[in-house]
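First comes the structure, then the notes that go with it.
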Amino acid sequence: MLLNSLITKIIPHKDMFKFKKGILISQIVVLCLLGIAITFVAIPSYVSQQWSWTELPFVAEIAQMKKVPETKLNFSGWTTITQEKRSVDNYPWSFQLIEKPGQDTILVALKAQRFFKDLPEVEWSDLEGLEQWKSDYLTTLKFPSTIKPNNLITARWFQAWNDKTYAVVQWYAWPGGGSHKSSRWFLADQKAQLRGERVGWVAVSIRIPMEALGRLKDMEPLAKSLAEEVQKTLEEQVFIVQ
């Protein structure tokens, strides 16, 4: 009798399994419905820019982000040579040349969201057309966010050349995260909208001069360090509410 009593306490009753199974099935159904909504409603609306809702929440940091094309950002350890506003495909960008001792001049190009309905689209193609460069060794570079160290940002990382050769890092930055894929921003923005909020974005392109026959791998430490600094600067100086 004692043994049977102990077994009954240790092994859950079959009704408990039915109960947990019912909860699991309900969760799966909810996730499936959410996936269907994103796949067949939200994503097509994003691609066509015909949103299914009439009013989007405003981006809280939009006022500060509008200033990016005219703003010289302060990157720790780097000195700004020039900063100018330039139009790329009729959209204002910031082109900021920076340097430090022993390092060639590096270009940090930024395109910030200016209106709450602006979406990240073809920024990388726009820059490729502007620079008239060819590219090779396309891969990814990962680095952490400053305000959310557990969030790894994934950037495009490749070698490009026209009359000179460069190592290039590109990604969409947002508060606490980033990715070179606009779809990643879209999912983060959708999640924020459930809270009645939005996720602002800034397209980042860093152009680092390198030797024509140099190895892209050798440029990684510098590229990763500078990418982290740019992300940190955006989080501290741009993604703020004023």
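The values are calculated or read from the model by the stated rules, or taken from the named source; none is laboratory data. As the structure is a prediction and not an experimental result, all values here were calculated from the model. Here the Cβ positions follow ideal geometry from the backbone for every residue, glycine too, while neighbour counts run over all protein chains shown. Areas reflect the complete protein model, heavy atoms only, side chains present, ligands, DNA and RNA absent. Shrake-Rupley method; radii C 1.70, N 1.55, O 1.52, S 1.80 Å.
Does Ala155 satisfy being out of contact with any His (no Cβ under 6 Å at 6 or more places or on another chain), closer than 25 Å to Pro69 by Cβ and of a type in the set (A, V, I, L, M, F, W, C)?
Values: out of contact with any His (no Cβ under 6 Å at 6 or more places or on another chain): no; closer than 25 Å to Pro69 by Cβ: yes; of a type in the set (A, V, I, L, M, F, W, C): yes.
Spelling it out, it is not the case that Ala155 is out of contact with any His (no Cβ under 6 Å at 6 or more places or on another chain), closer than 25 Å to Pro69 by Cβ and of a type in the set (A, V, I, L, M, F, W, C).
Which of the residues spanning region 177-190 are closer than 23 Å to Glu236 by Cα and open to solvent by less than 50 Å² (accessible area, probe 1.4 Å)?
Matches in region 177-190: Gly177, Gly178, Ser179, His180, Ser182, Trp185, Phe186, Ala188, Asp189.
Can you pull out the residues in region 114-173 that are closer than 22 Å to Glu197 by Cα and among the charged types (D, E, K, R)?
Correct list: Arg114, Lys117, Asp118, Glu121, Lys148.
Suppose the filter is out of contact with any Ser or Thr (no Cβ under 8 Å at 6 or more places or on another chain) and farther than 20 Å from Lys181 by Cα; does Asp118 pass it? Show your work before the answer.
Details: out of contact with any Ser or Thr (no Cβ under 8 Å at 6 or more places or on another chain): yes; farther than 20 Å from Lys181 by Cα: no.
For Asp118, the condition - out of contact with any Ser or Thr (no Cβ under 8 Å at 6 or more places or on another chain) and farther than 20 Å from Lys181 by Cα - is not met.
From the list Pro149, Pro92, Pro120, which residue is over 20 Å from Glu211 (Cα atoms) and in a strand (DSSP E or B)?
Pro92
Please pick out the residue among Trp185, Trp171 that is within 11 Å of the chain's Cα centre (by Cα), under 30 Å from Ala212 (Cβ atoms) and in contact (Cβ under 8 Å) with a residue 40 or more places away in the chain.
Within the list Trp185, Trp171, the selection yields Trp171.
Answer with yes or no whether Ser205 is among the small types (Gly, Ala, Ser), open to solvent by less than 70 Å² (accessible area, probe 1.4 Å), closer than 27 Å to Asp118 by Cα and part of a strand (DSSP E or B).
Criteria met by Ser205.
Give just the number: which of (1) under 18 Å from Leu119 (Cβ atoms); (2) crowded, with 16+ Cβ neighbours inside 10 Å does Gln193 not satisfy?
Exception for Gln193: condition (2).
Among the residues of region 140-176, what is the count of those that are open to solvent by 40 Å² or more (accessible area, probe 1.4 Å), of a type in the set (Val, Ile, Thr) and either at pLDDT 95 or above or in contact with a Leu (Cβ under 7 Å, 6 or more places away or on another chain) (or both)?
Qualifying residue count for the region: 1.
Condition check ((1) open to solvent by less than 70 Å² (accessible area, probe 1.4 Å); (2) touching a residue at least 40 places away in the same chain (Cβ under 8 Å); (3) among the polar types (S, T, N, Q)) across all residues:
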site	(1), (2), (3)
Thr80	yes, no, yes
Gln83	yes, no, yes
Asn90	no, no, yes
Trp93	yes, no, no
Gln96	yes, no, yes
Leu107	yes, yes, no
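Of the conditions (1) open to solvent by 50 Å² or more (accessible area, probe 1.4 Å); (2) in contact with a helix residue (DSSP H, G or I) (Cβ under 8 Å, 6 or more places away or on another chain), Gln113 clears all except one; give me its number.
All conditions are met except number (1).
For Gln132, all conditions in the list (1) of a type outside the set (Gly, Ala, Ser); (2) within 29 Å of Val59 (Cα to Cα); (3) without any contact (Cβ under 8 Å) to a residue 60 or more places away in the chain hold save one; what is the number of the exception?
(2)
Quick one: Thr80 ticks every box in (1) modelled with pLDDT of 95 or more; (2) within 22 Å of the chain's Cα centre (by Cα); (3) of a type outside the set (A, V, I, L, M, F, W, C) bar one, so which box is it?
Status for Thr80: all satisfied but (2).
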